[in-house]
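The values are calculated or read from the model by the stated rules, or taken from the named source; none is laboratory data. These figures come from a predicted structure and were not determined experimentally. We place every Cβ from the backbone using ideal geometry, glycine too, and count neighbours over all the protein chains shown.
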Amino acid sequence: MIKNRINQKLKEDKKLLSIYFTAGYPKLTDTVKIIEDLEKNGVDMIEIGLPFSDPLADGPTIQDSSTHALNNGMNTDLLFEQLQNIRETVSIPLVMMGYFNPVFQYGVEAFCKKCQEIGIDGIILPDLPLDVYQDEYEQTFKKYGLINVFLITPQTSDERIRMIDKVSEGFIYMVSSASTTGAKTGFGNEQQTYFERIAELDLKNPQIVGFGISNKATFDQATKNAKGAIIGSAFIKHLTQHGTEKIDGFVRGIR
Amino acid sequence: MSYHVNEKGYYGEFGGAFIPEMLYPNTEELRQNYLSIMEEPSFKEEFQQLLRDYVGRPTPLYFAERMSERYKTKIYLKREDLNHTGAHKVNNTVGQILMAKKLGKNRIIAETGAGQHGVATATVCALMGIECVVYMGEVDIARQAPNVARMKMLGAEVRPALSGSRTLKDATNEAIRDWINNPVDTHYIIGSVVGPHPYPDMVARFQSVISEEIKTQLLEKEGRENPDYVVACVGGGSNAAGAYYHFLDNPEVGIIAVEAAGKGIDTGESAATSALGKVGIIHGSKTLLMQTPDGQITEPYSISAGLDYPGVGPLHAHLFRSGRGEFISITDDEAMTAGLTLCQMEGIIPAIESSHAFAILEQRKFNPTDVVVMNLSGRGDKDLQNYIDYFKL
Ligand SMILES: Cc1ncc(COP(=O)(O)O)c(C=O)c1O
């Protein structure tokens with residue numbers, strides 16, 4: 001079992017609030033300030049989005065933030081540079097989230113090594129499939145102490161969920177509904193049934209729900225069964241409106 | 001060396017299914033069923049009957065006498081332009097609509113560049129009475145207006161892709177996002193040999209009717225099944241895959257792939273993937289891909305909307321890397337000139353995509369006895385405005 005900040009955090013006796021943002025948005029140099037402010041205001045974990053030109057699994061909000069971030073000049077080297085000293089001020093788990101191609105171009109091993117140097121705890125690459133991870137990259141991720149986080153969706157079969165549970169060593173990213181990312185105002189019965197179905201599987205890894213969490217109501221509903229929830233698009237919208245101001249108000253609005 | 005897909009979905013180092021988990025159930029359902037469905041007698045029969053009675057197959061293999069004289073070699077044209085809807089694209093859409101029916105799907109989505117695949121998809125959806133949504137880049141909607149109108153007349157909804165370069169790549173992104181949001185009732189009819197496994201193989205098999213016919217037709221005309229060369233333009237690579245398919249394992253048949261150089265390979269405005277691409281992931285497939293050193297996919301350019309794609313099907317990446325295929329890139333100007341030459345020498349107005357293939361005859365020398373089959377992938381009706389603007393007609 002990999003021991004890192006994610007596993008420590010998951011042991012805490014509370015529902016976890018995790019926030020996603022796209023690095024380089026709204027301004028190129030906002031990355032560190034956003035991370036520090038989120039921690040200061042009690043956020044439990046942060047997903048740092050490495051922007052990609054063709055984010056297939058994302059809805060319009062994250063697409064736009066990615067385009068802006070790239071136009072601002074964000075790239076993999078620059079992001080690592082910005083995060084160089086992040087562990088001097090931040091102690092909550094940090095997860096890199098992005099698409100596989102930029103990581104593949106950087107070199108998977110070089111990327112993992114850099115992540116470890118900086119103090120990144122996990123990686124989420126939605127388009128790196130389970131079998132390719134196992135065949136080609138699992139050893140590398142482990143060598144650098146990184147947790148690879150897999151997604152499941154309402155369409156994922158119980159059998160496959162159990163397989164993913166077996167390979168996972170931190171938490172399972174539970175996509176709330178069959179959809180791309182984007183804030184929703186509420187979850188229906190279908191989601192509730194799905195949340196309960198997964199809870200009943202009694203998996204070894206805790207689950208954190210993402211996609212469509214936007215406010216206190218959806219956060220509470222998602223975390224009734226799951227260990228935590230991730231807010232992405234709703235926070236990006238907040239950044240669009242307020243820049244890096246009022247992050248305290250945003251977090252307080254959730255819990 | 002094998003040029004066919006292996007059981008894991010790879011052609012050499014290329015291919016696979018690099019898709020988010022949201023798409024796993026859809027592609028897995030297809031992967032588990034596509035070969036057995038294609039083997040079912042009822043499927044085969046309906047597919048062949050539609051290709052014959054509806055599409056108008058077999059398409060002629062035509063000996064182009066005047067062109068042959070001019071270029072001092074034996075040139076045959078495989079007339080995919082004579083298919084219903086005007087291009088090879090319909091071979092695939094007929095196959096996939098039958099596949100969708102077998103899988104119990106009641107909604108179809110597709111991406112389109114030139115609009116040929118969109119029209120071919122809208123056509124088979126009308127034929128079967130199935131709902132159809134086609135994603136098309138805003139830029140392409142403007143430069144391929146007649147095909148947009150056709151799709152609408154056929155009852156399809158055309159949704160503009162407004163992200164990125166607003167061309168084929170972005171239309172494909174939007175179609176994939178639609179599929180993520182509609183995983184149960186919808187089948188995605190991809191228009192080329194691209195995308196996650198099993199799409200490249202399935203589309204190649206549906207298009208393989210082209211080379212199957214070439215074999216029998218050439219036997220009749222030349223007394224032999226195998227040409228010396230097969231030439232095709234490559235966007236994603238479906239007309240090429242179909243034209244090469246039954247010759248891939250026969251090293252005596254030379255395979256020539258023609259890519260769009262746009263304004264020139266070194267101008268920054270090009271779509272010549274084999275020359276400019278590096279290994280990467282696009283639309284769920286590991287293949288050659290035009291990208292920044294940072295792994296961001298770059299905007300391609302070609303005068304022809306159907307070749308304006310920053311990647312290439314994994315089969316073609318493998319043909320390039322292994323040296324099995326000879327890759328040539330052709331500029332906008334060379335293609336337009338070659339298109340006009342074909343009009344005036346053979347009385348055939350080609351699609352601008354297909355014109356790229358013909359342009360190699362000006363630079364690639366063949367022996368007088370060589371039998372060269374040119375895949376004429378589509379007709380030029382849809383490109384009339386572009387020809388008018390270019391030649392100030
Ligand atoms: C006439 C014609 N030829 C070629 C192409 C390129 O596609 P592919 O490389 O898949 O054959 C297109 C695409 O729209 C087309 O319309």
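A residue that is within 14 Å of chain B (Cβ to nearest Cβ) and acidic (D, E) occurs nowhere in the range A:198-212. The set of residues in the range A:67-94 being within 14 Å of B:D294 (Cα to Cα) and crowded, with 17+ Cβ neighbours inside 10 Å consists of A:A69, A:L70, A:M74, A:N75, A:T76, A:L78, A:L79, A:F80. Evaluating B:H84 against the criteria (1) touching a Phe, Trp or Tyr at 6+ places or on another chain (Cβ under 7 Å); (2) more than 14 Å from chain A (Cβ to nearest Cβ); (3) within 16 Å of the ligand (Cβ to nearest atom); (4) in contact (Cβ under 8 Å) with a residue 40 or more places away in the chain leaves one unmet condition, (4).
Cβ-Cβ distances below 6 Å connect the following pairs, each with a first residue in the range B:370-393 that is farther than 22 Å from B:T59 by Cβ, a second residue that is part of a helix (DSSP H, G or I), and a separation of six or more residues or different chains: B:Y390/B:M336.
The criterion of at least 1 residues that are within 14 Å of another protein chain (Cβ to nearest Cβ) and within 30 Å of A:G98 (Cα to Cα) is met, among helices (runs of 4 or more DSSP H) falling completely within the range B:1-71, by B:24-39. Scanning the range B:21-39 for residues that are surrounded by fewer than 14 Cβ atoms within 10 Å (Cβ to Cβ) and farther than 19 Å from B:P314 by Cβ turns up B:Q32, B:S36, B:E39.
Restricting the first member to the range B:282-300 and to residues that are more than 8 Å from every other protein chain (Cβ to nearest Cβ), and the second to residues that are among the aromatic types (F, W, Y), the beta-carbon pairs closer than 7 Å and six or more apart or on different chains are B:S285/B:F18; B:K286/B:F14; B:K286/B:F18; B:T287/B:F14; B:L288/B:F320; B:P300/B:Y309. Suppose we filter the range A:17-44 for residues that are aliphatic (A, V, I, L, M) and under 22 Å from A:L128 (Cα atoms); how many remain? Residues flagged as aliphatic (A, V, I, L, M) and under 22 Å from A:L128 (Cα atoms) within the range A:17-44 amount to 2.
Within the range B:228-240, residues that are at positive phi sit with their Cβ atoms under 7 Å from residues that are more than 6 Å from the ligand (Cβ to nearest atom), at 6+ positions apart or across chains, in these pairs: B:G237/B:V193; B:G237/B:V312; B:G237/B:G313; B:G237/B:L315; B:G237/B:H316. Is it the case that some residue within the range B:329-343 is at pLDDT 95 or above and in contact with an Asp or Glu (Cβ under 6 Å, 6 or more places away or on another chain)? Yes; the residues of the range B:329-343 include at least one that is at pLDDT 95 or above and in contact with an Asp or Glu (Cβ under 6 Å, 6 or more places away or on another chain). Between B:F18, B:F47, B:F14, B:F43, the distinction of being in contact with a helix residue (DSSP H, G or I) (Cβ under 7 Å, 6 or more places away or on another chain) and surrounded by fewer than 18 Cβ atoms within 10 Å (Cβ to Cβ) belongs to B:F43 only.
Look through B:V133, B:V194, B:V184 and report the one residue that is more than 16 Å from the ligand (Cβ to nearest atom), within 14 Å of chain A (Cβ to nearest Cβ) and among the β-branched types (V, I, T). Only one candidate passes the filter, namely B:V184. So B:C132 clears everything in (1) in contact with a strand residue (DSSP E or B) (Cβ under 9 Å, 6 or more places away or on another chain); (2) not in a strand (DSSP E or B); (3) not assigned by TED's automatic domain parsing to the domain that holds B:G284 except one condition, right? Which one? Condition not satisfied by B:C132: (2). With respect to the conditions (1) within 14 Å of chain A (Cβ to nearest Cβ); (2) crowded, with 21+ Cβ neighbours inside 10 Å; (3) more than 12 Å from the ligand (Cβ to nearest atom), B:F320 falls short on a single one, namely (1).
Table: residues versus (1) crowded, with 24+ Cβ neighbours inside 10 Å; (2) within 13 Å of the ligand (Cβ to nearest atom); (3) among the aliphatic types (A, V, I, L, M); (4) not assigned by TED's automatic domain parsing to the domain that holds B:K44.
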site: B:Y199; (1), (2), (3), (4): yes, yes, no, no
site: B:K278; (1), (2), (3), (4): no, no, no, yes
site: B:D294; (1), (2), (3), (4): no, no, no, yes
site: B:S302; (1), (2), (3), (4): yes, yes, no, yes
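Would you say B:P160 is part of a loop (DSSP other than H, G, I, E, B) and more than 19 Å from B:Y244 (Cα to Cα)? Judged against the criteria, B:P160 is not a match. Evaluating B:L219 against the criteria (1) within 11 Å of the ligand (Cβ to nearest atom); (2) farther than 25 Å from B:A161 by Cβ leaves one unmet condition, (1).
Considering only the range B:380-389, I want to know if a residue exists there that is within 14 Å of the ligand (Cβ to nearest atom), part of a strand (DSSP E or B) and touching a Cys at 6+ places or on another chain (Cβ under 9 Å). Checked the range B:380-389: no residue is within 14 Å of the ligand (Cβ to nearest atom), part of a strand (DSSP E or B) and touching a Cys at 6+ places or on another chain (Cβ under 9 Å). Residue-level check: of (1) in contact with a helix residue (DSSP H, G or I) (Cβ under 7 Å, 6 or more places away or on another chain); (2) under 30 Å from B:E13 (Cβ atoms); (3) away from the ligand (no atom under 13 Å from the Cβ), B:S377 misses just (3).
Of all residues in the range B:87-121, those satisfying the criterion of being within 12 Å of the ligand (Cβ to nearest atom) and under 15 Å from B:Y135 (Cα atoms) are B:A110, B:E111, B:T112, B:G113, B:A114, B:G115, B:Q116, B:H117, B:G118, B:V119, B:A120, B:T121. Listed by first and then second residue, the pairs with beta-carbon distance under 6 Å, at least 6 apart or on different chains, first residue in the range B:38-52 and under 12 Å from B:N91 (Cα atoms), second assigned to a loop (DSSP other than H, G, I, E, B), are B:L51/B:R57. In the range A:1-38, of all residues being among the acidic types (D, E) and surrounded by fewer than 20 Cβ atoms within 10 Å (Cβ to Cβ), the one that is farthest from the other protein chains (Cβ to nearest Cβ) corresponds to A:D13. Among the residues making up the range A:115-136, a single one is assigned to a helix (DSSP H, G or I) and surrounded by 21 or more Cβ atoms within 10 Å (Cβ to Cβ): A:C115.
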